[in-house]
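S.K.: Just passing along the structure, written as structure tokens.
The values are calculated or read from the model by the stated rules, or taken from the named source; none is laboratory data. Note that the structure is a prediction, hence the values are computed from the model and not measured. Here the Cβ positions follow ideal geometry from the backbone for every residue, glycine too, while neighbour counts run over all protein chains shown. The protein model used for the area step is the full one, side chains on, heavy atoms only, and it has no ligands, DNA or RNA in it. Shrake-Rupley method; radii C 1.70, N 1.55, O 1.52, S 1.80 Å.
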Amino acid sequence: MWFSFWKPRDRFSLDELRYLTDQLVKVQIVNEVNKDFVIEALRSIAELITYGDQHDSTFFEFFMEKQVMGEFVRILKVSRTVSVSLQLLQTISIMIQNLKNEHAIYYMFSNEHMNYLITYSFDFQNEELLSYYISFLRAISGKLDRNTISLLVKTHNDEVVSFPLYVEAIHFAFHEESMVRTAIRALTLNVYHVGDESVNRYVTSAPHADYFSDLVTFFRKQCINLNALVSDTMKNLGAESAETTTLISAAVDEIEDSLYYFSDVISAGIPDVGKLITDNVLQLLIFPLLLPSLTRKAVEGVQIGAATSLYLVCCILRIVKIKDLANTIAAALFCPLDAVVPKFGSKPNGYTSLCAFEHESQPPDSNNLTKADAGILRVDVTNLSSSPQIHSADVPRENDCCDFHLSLREALISYITSGDDVQVAGSLSVLATLLQTKELDESTLDALGILPQRKQHKKLLLQALVGEGLGEEQLFSSEGGSSRDGIEFGSELDSCLRKLKEQYGVACSFLEVRASPRVHRFQVLDALVSLFCRSNISAETLWDGGWLLRQLLPYSQAEFNSHHLKLLNDSYKNCASALLKETRGIWPDLLITILCDEWKRCKRAIEASSPRKEPKCILLSSPKFSSEDGITSDSSFAAGQRMCELVKVFVLQHQLQIFSVGRSLPEKPPINPPADVFENSRAQSAGVDSSGPKLGTELRLVDAVPCRIAFERSKERHFCFLAISLGASGWVVLAEELPLKEPYGVVRMVAPLAGTDPKVDDKHSRWMHLRIRPSTFPFVEPARYGAYGKAKTKALVDGRWTLAFRDEESCNSALSMVSEEISLQSNEVERRLKPLLGLETIAESSNSSLGPPKATSSYSILSNSL
């Protein structure tokens, strides 16, 4: 009965809220004695206000009546402990995030209590307190709209003069902790997307506009740090560790996050912000760092390598969708390096200008344009009505004093013709990115030589329709493309070139401006053909070149001349000859499977609407197996890697051959179907079907040779040895003879026949050594291996069998059997590949459907000797 006088309060009741508030009012100082109660009271009040917002409006009415927000501020002032500050920030953050009632949010943001908390001098040396403070700021920004933002700013004559939330937040915009930076970026975007004009004027006025230039400066530092990681990796080739890859990947993610933030800021539509970011990116990053890095020579003061520079140019064009920025970068490619470097405070190491601005002072002869200085290509355009004659690429001379007078466009092409694999991949990625940048005008793409043929036809058709005779003449000419000289006056590109000179003091090359876009187009085409003939470039990079070629010439051979066709054909012959040798190599049983798979992949890659790889792949190379993984250069696994690479190159070369005669690519490679099992073969005699011998199954031991082998020390076992081939497959088998069921035996060991490399021991004529390679490898069955294709070492190392026979005659008999079955297996693989290794069918089909291709006098087909 007495317990009714002490009835406990309901936890989620107005009485509980009243009690907690009364107790909080009584607190005059917060110390170690009462801090736990204060912390619990603050936490409970947050719960009750959140509950009341959803169930009972009287809770928040009481909160306003008692001015609890003022009590929160008072508690902060009298607190002597960090833990109370932490709880107070968390309490208010929870309330702001969970309150749905607009009037409640308005009250929370009014009376200057929120601005007081924002500007309060917390001890940010405490990382946990900083984390709670940043969350508090972000929670406020999440509730901003045109109405609530007015409660957090101070105005004078309708102009914002103070905005503590924004000002305090950007103090942490470049904090060393990435999570803090991310939160601040989210907060600023919330502010920008409110769309309040007075706030927009405030954030773009001095000194707050410095934030945008500071953003680019910070981004520049990120780029330099990324380059340091990439440079260290390239200096230690072959020693790339998982840790280094992780660091580069993390740095790349931060770079791209920053660019996406730039893009989001611009999309908010604040006047002048796009121009602020564009000018800062150009003057702090593009001109002083990235463009000078495209030269092959060292430039004093430049802190970014070519690979990093190519990657960054791609990312900026792909992510930051500013038309002015994209067109300015593209226009700058027509400028010589020495027009950029001196202007922005760098100069070539040891460089003396012996031919300064000779392009400006010596206009080219109007009848003949020769780019001999380029060290890349020479295009003679004596008569532009006929196809330009493009000569072989020259090797760039290291001491060419005019190297800095080459245009940056030519520098990109020089990487394709003579750069290393990373430089080629980077240059192709830049050209592909330019081609796909919607912000670029078609006149710019045409001048760069990368306007797709379909867009050229569309452009000429429009010119013809509006009565421009030149367009109609070019549209119906056999050559196609533009034959006009120089950059079109009044075009977007012309405007950007003028702006470069007037606003940034960067002048373009005279030769670049005067040259016909068609000349530049043939330079790109010639560089791509030269690339396909290089043997020191990875297949993946060559595929990227194949994609770019298909974009430029999707369905025509008209722009291939006899020199191109001869180069492609010679390269194809070499590749086909190397592939033929693989039929007698270590992996012939997987050759056709890999070839069919790569055919489909290559076709998809070069016919895709966009490049299959992101720019980050320039810096993040594919993982390769090394000696640390137990892989040596003479191992079967290394041979398998080489074969896969060869197959990829061969497939691309073959598809280019089909494309060069104007035919569409078939879905599958032209190979012969598998042959039936030959009569009197060992496979038929042994009773082996197409699935091959299985462990524990029986087979007839016809031609089997008795032998001994020890898989463990001092544990020798007796088996019957048999080599079997069945079409493109083959096995070596160790079987235990069944005494009661002769001549049958039970299969105990099976290994691939190919790659066994049988040899009789030099000292023991009765011993035969066999190399036992894995049955497959990650390139064929990646699911069986770990991340990034890294397999367990034991799965990659070759095994060894040493078989001891009764006598020398038995050993030789076994050796002959293995050699004979290997030969049968290789012959079958070669037979199936025969249609693929010749171009007769391609040429015949082309001649019958299209007639003789133009300019193919030097084009010769692969001989039957293959």
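S.K.: Only residues that are basic (Lys, Arg) and surrounded by fewer than 16 Cβ atoms within 10 Å (Cβ to Cβ): list them for the stretch 585-613, please. Steps first, answer last, please.
M.R.: The first filter runs over the stretch 585-613 and keeps only residues basic (Lys, Arg), leaving 600-601, 603-604, 612-613.
Answer for the stretch 585-613, where residues must be basic (Lys, Arg) and surrounded by fewer than 16 Cβ atoms within 10 Å (Cβ to Cβ): LYS600, ARG601, ARG604, ARG612.
S.K.: If you don't mind, another one. What number goes with the only condition from (1) basic (Lys, Arg); (2) at pLDDT below 85; (3) over 14 Å from PRO452 (Cα atoms) that ARG534 does not pass?
M.R.: So ARG534 meets the others, but not (2).
S.K.: Could you go through the stretch 197-205 and let me know if any residue there is open to solvent by 50 Å² or more (accessible area, probe 1.4 Å), touching a Pro at 6+ places or on another chain (Cβ under 9 Å) and touching a residue at least 24 places away in the same chain (Cβ under 8 Å).
M.R.: yes
S.K.: Pairs under 6 Å by beta carbon, first residue open to solvent by 40 Å² or more (accessible area, probe 1.4 Å) in the stretch 566-584, partner at pLDDT 90 or above and not in a helix (DSSP H, G or I), six or more apart or different chains?
M.R.: Pairs that qualify, where the first residue is open to solvent by 40 Å² or more (accessible area, probe 1.4 Å) and the partner is at pLDDT 90 or above and not in a helix (DSSP H, G or I), are LEU567/CYS533.
S.K.: Go through (1) modelled with pLDDT of 90 or more; (2) out of contact with any helix residue (DSSP H, G or I) (no Cβ under 6 Å at 6 or more places or on another chain); (3) not polar (S, T, N, Q) and name the single condition TRP587 misses.
M.R.: (2)
S.K.: Mind listing whichever residues of the stretch 146-185 are small (Gly, Ala, Ser), open to solvent by less than 20 Å² (accessible area, probe 1.4 Å) and either more than 19 Å from GLN222 (Cβ to Cβ) or not in a loop (DSSP other than H, G, I, E, B) (or both)?
M.R.: Result: ALA169, ALA183.
S.K.: Which residues, counting only those in the stretch 300-339, are over 23 Å from the mean Cα position of the chain (by Cα), on the phi < 0 side of the Ramachandran plot and not in a helix (DSSP H, G or I)?
M.R.: GLU300, VAL302, PHE334, CYS335, PRO336
S.K.: How about the stretch 44-90: which of its residues are within 20 Å of ALA104 (Cα to Cα), under 50 Å from the mean Cα position of the chain (by Cα) and among the aliphatic types (A, V, I, L, M)?
M.R.: Residues satisfying the conditions are ALA46, ILE49, LEU88, LEU89.
S.K.: Taking interchain pairs and intrachain pairs at least six residues apart, which have beta carbon atoms under 6 angstrom, with the first residue in the stretch 98-124 and touching a residue at least 60 places away in the same chain (Cβ under 8 Å) and more than 24 Å from VAL82 (Cβ to Cβ) and the second open to solvent by 30 Å² or more (accessible area, probe 1.4 Å) and in a helix (DSSP H, G or I)?
M.R.: none
S.K.: Which residue is least open to solvent (accessible area, probe 1.4 Å), if the candidates are limited to the stretch 264-288 and must be in contact (Cβ under 8 Å) with a residue 60 or more places away in the chain and of a type outside the set (A, V, I, L, M)?
M.R.: PHE287
S.K.: Moving to a separate point now. Somewhere in the stretch 243-263, is a residue touching a residue at least 60 places away in the same chain (Cβ under 8 Å), within 30 Å of LYS154 (Cα to Cα) and part of a loop (DSSP other than H, G, I, E, B)?
M.R.: Step one: list which residues in the stretch 243-263 are touching a residue at least 60 places away in the same chain (Cβ under 8 Å), which gives 245, 248-249, 252, 254-257, 259, 261.
Among the residues that remain, those that are also within 30 Å of LYS154 (Cα to Cα) are: 261.
Right, trim to part of a loop (DSSP other than H, G, I, E, B) and you get none.
Taking every residue of the stretch 243-263 in turn, none turns out to be touching a residue at least 60 places away in the same chain (Cβ under 8 Å), within 30 Å of LYS154 (Cα to Cα) and part of a loop (DSSP other than H, G, I, E, B).
S.K.: Let me ask something else about it. Hey, ILE724 hits all of (1) open to solvent by 10 Å² or more (accessible area, probe 1.4 Å); (2) in contact with a strand residue (DSSP E or B) (Cβ under 6 Å, 6 or more places away or on another chain); (3) touching a residue at least 60 places away in the same chain (Cβ under 8 Å); (4) not basic (Lys, Arg) but one; which does it fall short on?
M.R.: (1)
S.K.: Could you check the stretch 643-698 and list, in sequence order, the residues that are more than 20 Å from TRP587 (Cβ to Cβ), touching a residue at least 40 places away in the same chain (Cβ under 8 Å) and of a type in the set (Asp, Glu)?
M.R.: GLU667, GLU698
S.K.: For the stretch 727-774, which positions are of a type in the set (Val, Ile, Thr), open to solvent by less than 40 Å² (accessible area, probe 1.4 Å) and under 20 Å from LEU699 (Cα atoms)?
M.R.: First pass over the stretch 727-774, keeping only residues of a type in the set (Val, Ile, Thr): 732-733, 746-747, 750, 756, 760, 772.
When the remaining residues are screened for being open to solvent by less than 40 Å² (accessible area, probe 1.4 Å), the result is 732-733, 746-747, 756, 772.
Answer for the stretch 727-774, where residues must be of a type in the set (Val, Ile, Thr), open to solvent by less than 40 Å² (accessible area, probe 1.4 Å) and under 20 Å from LEU699 (Cα atoms): VAL732, VAL733, VAL746, VAL747.
S.K.: So the check is Cβ under 6 Å with 6+ separation or different chains; which pairs have a first residue in the stretch 55-84 that's closer than 25 Å to HIS103 by Cβ and touching a residue at least 40 places away in the same chain (Cβ under 8 Å) and a second one that's assigned to a helix (DSSP H, G or I) and aromatic (Phe, Trp, Tyr)?
M.R.: Qualifying pairs under 6 Å: MET64/TYR107; VAL73/TYR116.
S.K.: Can you name every one of the helices (runs of 4 or more DSSP H) wholly within the stretch 32-115 that holds 1 or more residues which are modelled with pLDDT of 90 or more, out of contact with any helix residue (DSSP H, G or I) (no Cβ under 6 Å at 6 or more places or on another chain) and over 19 Å from LEU129 (Cα atoms)?
M.R.: Numbers: elements: 35-55, 58-65, 68-78, 82-98, 102-109.
By residue number, 35-55, 58-65, 68-78, 102-109.
S.K.: To continue, here is another question. Consider ASP214 against the criteria (1) touching a Phe, Trp or Tyr at 6+ places or on another chain (Cβ under 9 Å); (2) under 18 Å from ILE618 (Cβ atoms); (3) surrounded by fewer than 16 Cβ atoms within 10 Å (Cβ to Cβ): it satisfies all of them except one. Which criterion is unmet?
M.R.: (2)
S.K.: If the Cβ limit is 7 Å and pairs must be 6+ apart or interchain, which residue in the stretch 20-38 that is farther than 15 Å from LEU76 by Cβ pairs with which residue that is of a type in the set (Ser, Thr, Tyr)?
M.R.: If the second residue must be of a type in the set (Ser, Thr, Tyr), the pairs left are LEU20/SER44; GLU32/THR81.
S.K.: Checking the condition among the aliphatic types (A, V, I, L, M), open to solvent by 60 Å² or more (accessible area, probe 1.4 Å) and modelled with pLDDT of 50 or more, which residue from VAL829, VAL797 passes?
M.R.: Numbers: VAL829 fails: open to solvent by 60 Å² or more (accessible area, probe 1.4 Å).
Of the residues listed, the single one that is among the aliphatic types (A, V, I, L, M), open to solvent by 60 Å² or more (accessible area, probe 1.4 Å) and modelled with pLDDT of 50 or more is VAL797.
S.K.: On to the next question. Go through the stretch 671-702 residue by residue and tally those that are part of a loop (DSSP other than H, G, I, E, B), modelled with pLDDT under 90 and over 30 Å from ASP597 (Cβ atoms).
M.R.: Within the stretch 671-702, residues that are part of a loop (DSSP other than H, G, I, E, B), modelled with pLDDT under 90 and over 30 Å from ASP597 (Cβ atoms) number 4.
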